[in-house]
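Accompanying notes for the structure given below.
Nothing in this text is a laboratory measurement; each read-out follows from the coordinates by a stated rule. Nothing here was measured: the structure is a model prediction, and the numbers come from that model. Note that each Cβ is placed from the backbone with ideal geometry, even for glycine, and that neighbours are counted across all protein chains shown.
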Amino acid sequence: MSKPKHPRGLAETEAQAITKNIRVSPRKLNLVAGLIRGRRAADAVATLTFSKRRIAQTVKKTLESAIANAENNHQLDVDQLVVARAEVGRSAVMKRFSARGRGRAARVEKWFSHLKIVVAEQQAEAAQQEAA
């Protein structure tokens, strides 16, 4: 008597990677995630490699993990992978304070984020139409 197996939430042509509790605000992380949404996986990795933002390296690691999951766990073709979704969510917020003048204190919030990247295999004829 065990629990029934949880059904897979993704399509057969999709794979994902999740990184939780990244020490950056969701707004800043969403700017970097927006750079790779809808792009081919190889182009997205190249974009993140040369991005000047600090968090781009963490996003690149997550994307490479999603690509590896697609290749090793789901036998998808790496050359036809596209970043289908890059979702950013809020995580915990650390509350700190900063001393201000006249004995007052100001609240400082240190945001954390979650990142979920889903890559999908694109069909060959659809890729040729986009290239044209």
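Which of (1) in contact with a Gly (Cβ under 9 Å, 6 or more places away or on another chain); (2) farther than 19 Å from ARG8 by Cα does ALA84 not meet, given it meets every other one?
Condition not satisfied by ALA84: (2).
Is there a residue in the stretch 108-125 that is out of contact with any strand residue (DSSP E or B) (no Cβ under 8 Å at 6 or more places or on another chain), more than 17 Å from LEU29 (Cα to Cα) and of a type outside the set (Asp, Glu)? Quick ask: steps written out before the conclusion?
Restricting attention to the stretch 108-125, the residues satisfying the condition of being out of contact with any strand residue (DSSP E or B) (no Cβ under 8 Å at 6 or more places or on another chain) are 123-125.
Applying the additional criterion that residues be more than 17 Å from LEU29 (Cα to Cα) yields 123-125.
So of that shortlist, the ones also of a type outside the set (Asp, Glu) come out as 123-124.
Scanning the stretch 108-125 turns up at least one residue that is out of contact with any strand residue (DSSP E or B) (no Cβ under 8 Å at 6 or more places or on another chain), more than 17 Å from LEU29 (Cα to Cα) and of a type outside the set (Asp, Glu).
Can you tell me which residue in the stretch 27-67 is nearest to VAL119 (Cα to Cα), limited to those that are without any contact (Cβ under 8 Å) to a residue 24 or more places away in the chain and of a type in the set (Gly, Ala, Ser)?
ALA46
Go through the stretch 15-37 and give me each residue that's in contact with a helix residue (DSSP H, G or I) (Cβ under 8 Å, 6 or more places away or on another chain) and part of a strand (DSSP E or B).
Scanning the stretch 15-37 gives ALA15, GLN16, ALA17, ILE18, THR19, ILE22.
Any residue at all in the stretch 55-74 that is more than 25 Å from TRP111 (Cα to Cα) and part of a loop (DSSP other than H, G, I, E, B)?
So far as the stretch 55-74 goes, yes, one or more of its residues are more than 25 Å from TRP111 (Cα to Cα) and part of a loop (DSSP other than H, G, I, E, B).
Does VAL78 satisfy the criteria of being closer than 13 Å to VAL119 by Cα and either without any contact (Cβ under 8 Å) to a residue 40 or more places away in the chain or exposed (fewer than 14 other Cβ atoms within 10 Å of the Cβ) (or both)? Let's see the steps before the verdict.
Details: closer than 13 Å to VAL119 by Cα: yes; either without any contact (Cβ under 8 Å) to a residue 40 or more places away in the chain or exposed (fewer than 14 other Cβ atoms within 10 Å of the Cβ) (or both): yes.
Considered against the rule, which asks whether it is closer than 13 Å to VAL119 by Cα and either without any contact (Cβ under 8 Å) to a residue 40 or more places away in the chain or exposed (fewer than 14 other Cβ atoms within 10 Å of the Cβ) (or both), VAL78 comes out as yes.
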